[in-house]
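Worksheet: the structure to be examined is printed underneath.
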Amino acid sequence: MNFRILADADAVAKEAAKTIAEEARTAVAERGRFIVAVSGGRTPWRMLRALAFEDVPWKELHLVQVDERVAPADDPGRNLAHLRESLLDHAPLPPERIYAMPVESPDLKAAAEHYALTLKKIAGSPPVLDLVHLGLGPDGHTASLVPGDPALQVTDTDVAITGIYQGRRRMTLTYPILNRSRRVLWLITGSDKIEMLARLREGDTSIPAGRVRRDRALVLADRAAAGRPEPPRSSEKRPPPRNRKCDN
């Protein structure tokens, strides 16, 4: 697991966009397509906005969701709405290349199975994603794999439905597909992540995030999440040195 500590959330988002663009160009050159899975969150939306201005082979890019809240299409908490707003309004990505999780279905189990089939169609059987973007919660969760949820134990399917978390059920990718991915990109920002970032770095498998494979992972974190204080600004005035008396 490689770590890079950057100044703040904006720097993390920009570095992540550059990393994804590089991975996309490499994947398209080697395999003719690039399949990326994206999580929700404020920093990821900044990342996607920055990605729109990178050199990306958009016609060969396929974007899937890591997780989504079970909510109506017009719900402001839906990851899909932010994803489209951050990327489609600024990049020449064909709308049909964003594969939305079907969380509006009345039969959520069947919907999860349908999304798993969609992943097989675009990423092979079993599906292998080129890059998965993940975040880290203050409770150690990642994707919608949260402490104590039955989805943590799912090993026979790539998509699962969770219990209620923060007022909503979720659809989420599971460990099997996350751990088959060619690259894992973590974006971790904010001082509320200090403890969990340290535990992730130590390989603590007692937290959900710690069960994601480490050998293909890059962690981009800001100084706040890493628990590193801000360096002094160059414009700050320092007190003048004291004059030393010279002995005659």
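The values are calculated or read from the model by the stated rules, or taken from the named source; none is laboratory data. Just so we're clear, the structure is a prediction, and the values are computed from it rather than from any experiment. Every residue, glycine as well, gets a Cβ built from its backbone with ideal geometry; the counts of neighbours run over all protein chains shown.
Checked across the stretch 79-92, the condition of being of a type in the set (A, V, I, L, M, F, W, C) and touching a Lys or Arg at 6+ places or on another chain (Cβ under 7 Å) holds for no residue. Looking across 78, 97, one residue alone is more than 15 Å from the chain's Cα centre (by Cα) and buried (at least 18 other Cβ atoms within 10 Å of the Cβ). It is 78.
Taking the condition among the aliphatic types (A, V, I, L, M), buried (at least 22 other Cβ atoms within 10 Å of the Cβ) and either over 29 Å from residue 18 (Cβ atoms) or modelled with pLDDT under 95 (or both), does residue 160 pass? Considered against the rule, which asks whether it is among the aliphatic types (A, V, I, L, M), buried (at least 22 other Cβ atoms within 10 Å of the Cβ) and either over 29 Å from residue 18 (Cβ atoms) or modelled with pLDDT under 95 (or both), residue 160 comes out as yes.
Checking every residue in the stretch 223-241 against the condition of being over 25 Å from residue 102 (Cα atoms), out of contact with any helix residue (DSSP H, G or I) (no Cβ under 8 Å at 6 or more places or on another chain), at pLDDT 95 or above and not hydrophobic (A, V, I, L, M, F, W, C) gives at least one match. For residue 198, the criteria (1) part of a helix (DSSP H, G or I); (2) among the aliphatic types (A, V, I, L, M); (3) in contact with a helix residue (DSSP H, G or I) (Cβ under 6 Å, 6 or more places away or on another chain) hold in every case but one, which is (3). In the stretch 27-39 there is at least one residue that is over 16 Å from residue 170 (Cβ atoms) and within 15 Å of the chain's Cα centre (by Cα).
Out of all the residues in the stretch 25-66, which are farther than 27 Å from residue 141 by Cβ, buried (at least 16 other Cβ atoms within 10 Å of the Cβ) and of a type in the set (Gly, Ala, Ser)? Within the stretch 25-66, 27, 52 meet the criteria. In summary, helices (runs of 4 or more DSSP H) completely within the stretch 1-98 and bearing 2 or more residues that are at pLDDT 90 or above and in contact with a Phe, Trp or Tyr (Cβ under 9 Å, 6 or more places away or on another chain) occur at 9-31. Within the stretch 57-77, residues that are of a type in the set (Ser, Thr, Tyr) have Cβ atoms under 6 Å from residues that are in a loop (DSSP other than H, G, I, E, B) in no pair, counting only partners at least 6 apart in sequence or on another chain.
The residues listed here are 117, 152; of these, the one that is touching a residue at least 12 places away in the same chain (Cβ under 8 Å) and either in contact with a Phe, Trp or Tyr (Cβ under 6 Å, 6 or more places away or on another chain) or assigned to a helix (DSSP H, G or I) (or both) is 152.
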